[in-house]
1. Just the accessible area per residue of the chain, please: how many Å² with a 1.4 Å probe?
2. Could you give the angle, 0 to 90 degrees to the nearest 10, between helix 215-228's Cα long axis and the longest principal axis of the Cα atoms of the chain?
3. Using only Cα atoms, tell me the angle between helix 233-259 and the longest principal axis of the chain; keep it within 0 to 90° and round to the nearest 10.
4. Expected output is a single nm value to one decimal: the length gained when fully extending between E45 and D265, i.e. 0.36 nm times separation in residues minus the C-alpha distance. What is it?
5. Which of the GluC sites (Glu not before Pro) across the range 110-210 are loop residues per DSSP, with 15 or fewer other Cβ within 10 Å?
6. Give me the percent of DSSP beta bridges within the chain that run antiparallel, rounded to the nearest 5.
7. For E137, what residues show an amide H to amide H distance below 5 Å, using hydrogens built from the backbone and excluding near sequence neighbours?
8. Give me the percent of the accessible area of the chain that comes from carbon and sulfur atoms, probe 1.4 Å, all protein chains in place.
Amino acid sequence: MAIDLTKVDKNIVRLEYDKGVAWVTLNRPEKRNALNPAISLRMLEILDEVEADDRCGVMVLTGEGTAFSAGMDIKEYFRDMKDQPRIVNIKVRRLNWEWQWRRLRYFQKPTIAMVNGWCIGGAFLPMASCDIAIAAEDAQFTLSEVNFGILPAGNVPRAMAEMMPSRAALYYIMTGESFDGRKAAELGLVTEAVPREKLRERVRAIADVLLEKGPEVVKGAKDAFKRVQDLDWDTSEDYLISKQEQLWFIAGDEREQGFKQFLDDKTFKPGLGMYKRSPKKGA
Ligand code: ACO
Ligand code: V55
């Protein structure tokens, strides 16, 4: 067996907590953070841990070295799999999908992809699954699959269909041409592009804004947006009201305080910023 799905190399993804942020760093710089089964296992472990840890209010996903990630590991994910039983192939793909999409997309806490360098092929999916993506202006994005005889799979094109204009998506899917962080921002694939030396500072500032909000409120708002994209209008309207009522049930005090500070105390205006929250639970 070329791979052992029971062993997790902890160092392959680094986890550090700092003032409310969990920094999760793909740590395989010598392979440009190419995504292999070991990374899938470690990411699933980290996502479980971070979700339950009060030291994390916001999670940042980034890469060590010159790459965010060079996409699927062409050796471990493709070539080595040829000699494996089909069930191993299925398992490896499932682990990949599990962290890159199902777990990340609906993560309990806000997520930011900090795209520090190369973002290629399969790396588009975890990047797209994060709620916010901030790229270095000179980070390079490439759907390189057609350059070596495969097509973008793993639902990368599905994510592209949601995130960028069809003409642009099809162009990059078919030509395998690179585009930089600036272009990615222009196309709406990332939220924003900033000079490389400002990248960490900008991500930290966004994280600090998110950390001010009620965690259940932010989670509800993000899920609502992500879920309604696939719903018809009537179901969507009903879903949103249900979510709103659920939010009242689990975090009713947030809005009571907001209403009071605006309507009674006149100490804040919702259109201009965040109300003064009472000390966070568990902080
Ligand atoms: N899979 C496997 N190994 C990889 C990958 C990858 N996706 N990306 C980089 N590596 C390895 C290289 O083979 C090399 O290994 P070695 O040191 O053992 O020879 C090492 O990482 C360093 O890579 P270099 O190519 O030397 O680094 P450089 O900085 O010159 O180039 C670049 C970086 C442009 C990212 C280049 O490595 C590259 O094109 N990688 C492939 C990217 C790609 O096409 N990914 C899509 C995969 S398919 C998919 O995701 C669906
Ligand atoms: C690709 C990506 C995958 C996959 C198979 O884009 C192919 C290439 C993100 O996962 O499972």
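The values are calculated or read from the model by the stated rules, or taken from the named source; none is laboratory data. Since the model is a prediction, treat every value here as computed from it, not as a measurement. Backbone-built Cβ (ideal geometry, glycine too); neighbour counts: all protein chains shown. We work out accessible area using only protein heavy atoms, side chains counted, and drop any ligands, DNA or RNA first. Shrake-Rupley method; radii C 1.70, N 1.55, O 1.52, S 1.80 Å.
1. Values: 15220 Å² over 283 residues.
For the chain, the per-residue accessible area is 54 Å².
2. Orientation of helix 215-228: about 60 degrees from the principal axis.
3. Relative to the chain, helix 233-259 is tipped by roughly 50 degrees.
4. 74.7 nm
5. Working: sites: E137, E145, E162, E177, E186, E192, E197, E201; in loops: E137, E177.
Those that pass, being in a loop and sparsely packed, are E177.
6. Values: 9 of 30 bridges.
So the antiparallel bridges in the chain amount to around 30 percent.
7. V194, R196
8. Values: 8390 of 15220 Å².
Using a 1.4 Å probe with all protein chains present, the chain comes out at 55 percent carbon and sulfur.
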